[in-house]
Amino acid sequence: QVQLVESGGGLVETGGSLRLSCAASGRTSSNYVMGWFRQAPGKEREFVAAISRRGDNTYYPRSVKDRFTISRDNAKNTAYLQMNRLTPEDTAVYHCVADEGLTRVMSLNARVWGPGTLVTVSS
């Protein structure tokens with residue numbers, strides 16, 4: 001089974017950008033659909049983005065579409081989340097997830113989760 005570790009979180013001002021990385025190990029990440037979730041304090045987990053195995057299809061909810069971009073480099077076993085025009089509402093712990101199925105990645109049922117990286121957006 002693949003293991004995931006996120007990096008790239010931190011403190012940024014409103015309107016700024018961050019790029020998160022998700023390094024996969026244990027199995028080739030190209031076997032998996034990959035995605036990102038976030039959980040803000042006191043709120044439910046929220047789907048943020050997903051990308052197909054070859055990276056040719058991406059999926060976003062309306063809340064981040066046109067601001068966030070998910071990508072992957074299968075040669076490096078790494079997925080990325082480029083976040084632009086950040087607002088305080090984007091403050092959350094961001095988790096990378098992986099699963100063989102897109103539906104499970106886009107719900108809360110992905111089999112593999114990373115520990116998360118904290119993103120804080122100041123106003």
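Observations on the structure shown:
- Accessible area per residue for the chain, computed on protein heavy atoms with a 1.4 Å probe, is 51 Å².
- Summing charges over all other residues whose Cβ lies under 9 Å from the Cβ of residue 33, with Lys and Arg as +1 and Asp and Glu as -1, gives 0.
- Within the shell of other residues whose beta carbon sits under 9 angstrom from the beta carbon of residue 1, the net charge comes to +2, with Lys and Arg scored +1 and Asp and Glu -1.
- Counted over all Cα-Cα pairs of the stretch 1-44, pairs farther apart than 14 Å make up 62 percent.
- Across the chain, Cα-Cα distances exceeding 25 Å account for 15% of all pairs.
The values are calculated or read from the model by the stated rules, or taken from the named source; none is laboratory data. Keep in mind that what you see is a predicted model, and the values were worked out from it rather than measured. Here Cβ is always computed from backbone atoms with ideal geometry, including for glycine, and neighbour counts include all displayed protein chains. To get the accessible areas, we keep the full protein, side chains included, count just its heavy atoms, and leave off ligands, DNA and RNA. Shrake-Rupley method; radii C 1.70, N 1.55, O 1.52, S 1.80 Å.
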